[in-house]
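S.K.: If you scroll down you'll find the structure; I have some questions about it.
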């Protein structure tokens, strides 16, 4: 993780929507079994976190990455917030990115890193507290 952070700090912010192609697919949280799915829809990447119980699918989070005028934004829609929360993409590399919103209560940052073609690491935090997630690609 330390090596990834060092490389990420040297990277420039993403300015093109194709920078996020490595997110494509369905990822399963190895601890909780929750899924995170990403696909490109036009000029945006759309993501969602969900659980499956029998025939029921419950979506807990909707995510969007969009780029405009040379800047990219990550937007999270979760039930705990009355409105979607935008985060600015501040660092991006070939297989990782970090977004920040210092005005948001928690998290203030979100970071993703592709550790291998089948393993994704994500982290959210505020500088004092952090929560990490490990995913395996299922399709």
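The values are calculated or read from the model by the stated rules, or taken from the named source; none is laboratory data. Remember, predicted model here, so these are calculated numbers, not experimental data. Cβ placement follows ideal geometry from the backbone for every residue including glycine, while neighbour counts extend to all protein chains displayed.
S.K.: What pairs come out if I take residues in the stretch 87-99 that are under 15 Å from residue 121 (Cβ atoms) and pair them with residues that are part of a strand (DSSP E or B) and modelled with pLDDT under 95 whose C-beta lies under 6 Å away, six or more apart or interchain?
M.R.: Pairs found: 98/91.
S.K.: Among what's in the stretch 59-75 and is part of a strand (DSSP E or B) and touching a residue at least 40 places away in the same chain (Cβ under 8 Å), pick the residue that is nearest to residue 34 (Cα to Cα). Walk me through it before giving the result.
M.R.: Looking only at the stretch 59-75, we keep the residues that are part of a strand (DSSP E or B), and these are 59-68, 71-75.
Checking which are touching a residue at least 40 places away in the same chain (Cβ under 8 Å) leaves us with 65-67, 71-72.
Numbers: 65: 20, 66: 24, 67: 27, 71: 30, 72: 26 Å.
Per the criteria, the residue is 65.
S.K.: Tell me, please, whether a residue that is under 15 Å from residue 46 (Cα atoms) and more than 10 Å from the chain's Cα centre (by Cα) can be found in the stretch 86-101.
M.R.: Step one: of the stretch 86-101, the residues under 15 Å from residue 46 (Cα atoms) are 86-87.
Next, from what is left, pick out any that are more than 10 Å from the chain's Cα centre (by Cα): 86-87.
Yes, that holds for at least one residue.
S.K.: Quick check on residue 78: is it in contact with a strand residue (DSSP E or B) (Cβ under 6 Å, 6 or more places away or on another chain), on the phi < 0 side of the Ramachandran plot and either buried (at least 16 other Cβ atoms within 10 Å of the Cβ) or touching a residue at least 60 places away in the same chain (Cβ under 8 Å) (or both)? Give the derivation first.
M.R.: On the way: in contact with a strand residue (DSSP E or B) (Cβ under 6 Å, 6 or more places away or on another chain): yes; on the phi < 0 side of the Ramachandran plot: yes; either buried (at least 16 other Cβ atoms within 10 Å of the Cβ) or touching a residue at least 60 places away in the same chain (Cβ under 8 Å) (or both): no.
No, not satisfied.
S.K.: Which one of the conditions (1) modelled with pLDDT under 95; (2) closer than 20 Å to residue 34 by Cβ; (3) assigned to a strand (DSSP E or B) does residue 91 fail to meet, given that it meets all the rest?
M.R.: Just one mismatch for residue 91, condition (2).
S.K.: Do we have residue 103 as in a loop (DSSP other than H, G, I, E, B) and at pLDDT below 95 here?
M.R.: Numbers: in a loop (DSSP other than H, G, I, E, B): yes; at pLDDT below 95: no.
So residue 103 does not fit the description; no.
S.K.: Name every residue in the stretch 115-128 that is surrounded by fewer than 19 Cβ atoms within 10 Å (Cβ to Cβ) and under 19 Å from residue 29 (Cβ atoms), in order of residue number. Give the steps one after another, and end with the answer.
M.R.: Residues of the stretch 115-128 that are surrounded by fewer than 19 Cβ atoms within 10 Å (Cβ to Cβ), as a first pass: 115-119, 121-128.
Hits for the stretch 115-128 are 115, 116, 117, 118, 119, 121, 122, 123, 124, 125.
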